[in-house]
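First the structure, in the form of structure tokens, and then the observations on it.
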Amino acid sequence: MSTEKTLVLSSDHADINLRRTIAAHAEAQGWVVTDIGPQTSESTHYPLHGEAAAKMVASGAARLGIVICGTGQGIMMAANKVKGIRCGVCHDTFSARMIRQHNDANMLSMGARVIGEGLALDIVDAFLSAEFEGGRHGTRVDMIKAMED
Ligand code: RB5
């Protein structure tokens, strides 16, 4: 199990500042962050950014990914279309921890129009500090992986 602290971040235009705050927060904890933008708040299309971040995780360029759009839903749907990606929307810390421990999620999605910065950072901490438990959960994650083939 890799414990490499590499993280990719992406968002749409809903809140590029939250993304940058998360980048600084994760870097302060020793994560090597690749922030793939966008760099302006000009209206853009969340599928592009979800796919780009997901491809970095799927290729191994980053071990984990965090994506942000208005609700967290659209960019999560896009990320999950990339083979090998298990991305969950979380707006509470319990779910953020559990998607790592039980679902081996490799990406977290959040809605910048749903939660505030303080909770978002707590959710990031829960997600980044948890590890997959394997065992019976591994059997179930393998069943998800089998659907991709
Ligand atoms: C953009 O206005 C908004 O639709 C997007 O950020 C996201 O919430 C979609 O799921």
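Inside the stretch 120-143, can you point out the residues that are open to solvent by 40 Å² or more (accessible area, probe 1.4 Å) and in a loop (DSSP other than H, G, I, E, B)? Spell out how you get there, then give the answer.
Applying the first criterion (open to solvent by 40 Å² or more (accessible area, probe 1.4 Å)) to the stretch 120-143 yields 122, 125, 129, 131-133, 135-136, 139-140, 142-143.
Selection gives GLU131, PHE132, GLU133, GLY135.
Pairs only if they're at least six apart or on different chains, beta carbon under 6 angstrom, first in the stretch 119-142 and under 15 Å from ILE99 (Cα atoms), second open to solvent by 60 Å² or more (accessible area, probe 1.4 Å) and part of a helix (DSSP H, G or I); list them, first residue then second.
Correct list of pairs: ALA126/ARG97; ALA130/ARG97.
Can you give me the number of residues within the stretch 45-87 that are part of a loop (DSSP other than H, G, I, E, B), more than 12 Å from ASP12 (Cβ to Cβ) and among the β-branched types (Val, Ile, Thr)? Please lay out each step first, then the result.
Pass one, the stretch 45-87, residues part of a loop (DSSP other than H, G, I, E, B): 45, 60-63, 70-72, 80-86.
Within this subset, residues satisfying the condition of being more than 12 Å from ASP12 (Cβ to Cβ) are 60-63, 80-86.
Remaining after also requiring among the β-branched types (Val, Ile, Thr): 82, 85.
Result for the stretch 45-87: 2.
Provide a single number: the residues in the stretch 57-73 that are free of Cβ contacts under 8 Å to residues at least 60 places away in the same chain and either open to solvent by 40 Å² or more (accessible area, probe 1.4 Å) or among the β-branched types (Val, Ile, Thr) (or both). First the steps, then the outcome.
To start, the set of residues in the stretch 57-73 that are free of Cβ contacts under 8 Å to residues at least 60 places away in the same chain comprises 57-62, 65, 67-73.
In the following step, the residues that additionally are either open to solvent by 40 Å² or more (accessible area, probe 1.4 Å) or among the β-branched types (Val, Ile, Thr) (or both) were identified as 57-61, 67-68, 71, 73.
Number of matching residues: 9.
Within the set of pairs 6+ apart or on separate chains, which have a first residue in the stretch 29-44 that is outside any strand (DSSP E or B), a second that is among the basic types (Lys, Arg) and at pLDDT 95 or above, and C-beta atoms under 6 Å apart?
GLY30/LYS5; TRP31/LYS5
Return yes when ALA96 is within 16 Å of the ligand (Cβ to nearest atom), open to solvent by less than 20 Å² (accessible area, probe 1.4 Å), free of Cβ contacts under 8 Å to residues at least 60 places away in the same chain and assigned to a helix (DSSP H, G or I) and no when it is not.
Numbers: within 16 Å of the ligand (Cβ to nearest atom): no; open to solvent by less than 20 Å² (accessible area, probe 1.4 Å): yes; free of Cβ contacts under 8 Å to residues at least 60 places away in the same chain: yes; assigned to a helix (DSSP H, G or I): yes.
When the stated conditions are applied, ALA96 does not pass them.
Restricting the stretch 1-26 to residues that are among the hydroxyl-bearing types (Ser, Thr, Tyr) and surrounded by fewer than 20 Cβ atoms within 10 Å (Cβ to Cβ), which is farthest from the ligand (Cβ to nearest atom)? Reasoning before the result, please.
Taking the stretch 1-26 as the starting set, the residues that turn out to be among the hydroxyl-bearing types (Ser, Thr, Tyr) are 2-3, 6, 10-11, 21.
Subsequent filtering for residues that are surrounded by fewer than 20 Cβ atoms within 10 Å (Cβ to Cβ) retains 2-3, 6, 21.
On the way: SER2: 30, THR3: 31, THR6: 25, THR21: 17 Å.
Only one residue tops the list, namely THR3.
Identify the residue in the stretch 51-78 that is under 9 Å from the mean Cα position of the chain (by Cα) and within 13 Å of the ligand (Cβ to nearest atom) and, among all such residues, is nearest to ALA130 (Cα to Cα). If you could, list the steps in order and put the result at the bottom.
Keep residues of the stretch 51-78 that are under 9 Å from the mean Cα position of the chain (by Cα), which gives 53-54, 64-68, 76.
If we keep only those that are within 13 Å of the ligand (Cβ to nearest atom) too, we end up with 67-68, 76.
Details: VAL67: 18, ILE68: 20, MET76: 20 Å.
Checked the stretch 51-78; the qualifying residue nearest to ALA130 (Cα to Cα) is VAL67.
Within the stretch 99-126, can you find the residues that are within 15 Å of the ligand (Cβ to nearest atom), farther than 20 Å from ALA58 by Cα and in contact with a helix residue (DSSP H, G or I) (Cβ under 8 Å, 6 or more places away or on another chain)?
GLY111, ALA112, ILE115, ALA120 - these are the residues of the stretch 99-126 that are within 15 Å of the ligand (Cβ to nearest atom), farther than 20 Å from ALA58 by Cα and in contact with a helix residue (DSSP H, G or I) (Cβ under 8 Å, 6 or more places away or on another chain).
The values are calculated or read from the model by the stated rules, or taken from the named source; none is laboratory data. This is a predicted model, so every value here is computed, not measured. As a convention, Cβ positions derive from the backbone with ideal geometry for all residues, glycine included, and neighbour counts pool all protein chains shown. Please note that ligands, DNA and RNA were not included when accessible areas were found on the heavy atoms of the full protein model with its side chains. Shrake-Rupley method; radii C 1.70, N 1.55, O 1.52, S 1.80 Å.
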